[in-house]
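The values are calculated or read from the model by the stated rules, or taken from the named source; none is laboratory data. The shown structure was predicted, so the numbers you read here are calculated from the model rather than taken from an experiment. No Cβ is skipped: glycine too gets one built from the backbone with ideal geometry, and neighbour counts run over all protein chains shown. Protein only, heavy atoms only, side chains kept; ligands, DNA and RNA dropped before computing areas. Shrake-Rupley method; radii C 1.70, N 1.55, O 1.52, S 1.80 Å.
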Amino acid sequence: MIFGCIGFFRHFFPGANPRIRYLSDASYWLYIMHLPVIMFVQAMISTWDMPSFPKFLIACAATTLPLLLIYELGVRYTFIGTMLNGKRTRKQSPA
């Protein structure tokens, strides 16, 4: 199954994609930090009177988006980002 999935994606998505690379780099940060955030969000929305699926979507978005923002602003180009993914440098704008 694993080799089939790898073959599928290598065949249909052969080129590099910067967005996918960014999410791949951020995934370890999301994995490490999501648990306390998701527990907090679940506690906040557990009393809401609405179906479970919209609550699930809200909890996912309310966890992922802030953690991606924190990753970009406070992790990616710091020593934490270096420990997680190796050295990254910001793209220099042409002067």
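Values computed for the structure shown
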{"item": "Lys, Arg +1 and Asp, Glu -1 on Cβ, resulting dipole of the chain about Cα centre, debye, nearest 20", "result": "480"}
{"item": "By accessible area with a 1.4 Å probe, ligands and nucleic acids excluded, highest first: order of 50, 1", "result": "1, 50"}
{"item": "Calculated diffusion of the chain, Stokes-Einstein form, Kirkwood radius summed over Cα pairs, 25 °C and 0.890 mPa s, µm²/s", "result": "154"}
{"item": "Contact order normalised by residue count of the chain, Cα under 8 Å, 6+ apart, percent", "result": "27"}
{"item": "Extreme residue, positive dipole direction of the chain, given options 32, 74, 48 (C-beta unit charges)", "result": "74"}
{"item": "Estimated [θ] at 222 nm from DSSP helical runs (n ≥ 4, -39500 (n - 2.57)) normalised by residues in the chain, nearest 500", "result": "-23000 deg cm²/dmol"}
{"item": "Accessible solvent surface per residue of the chain, calculated while the other protein chains remain in place, 1.4 angstrom probe, Å²", "result": "83"}
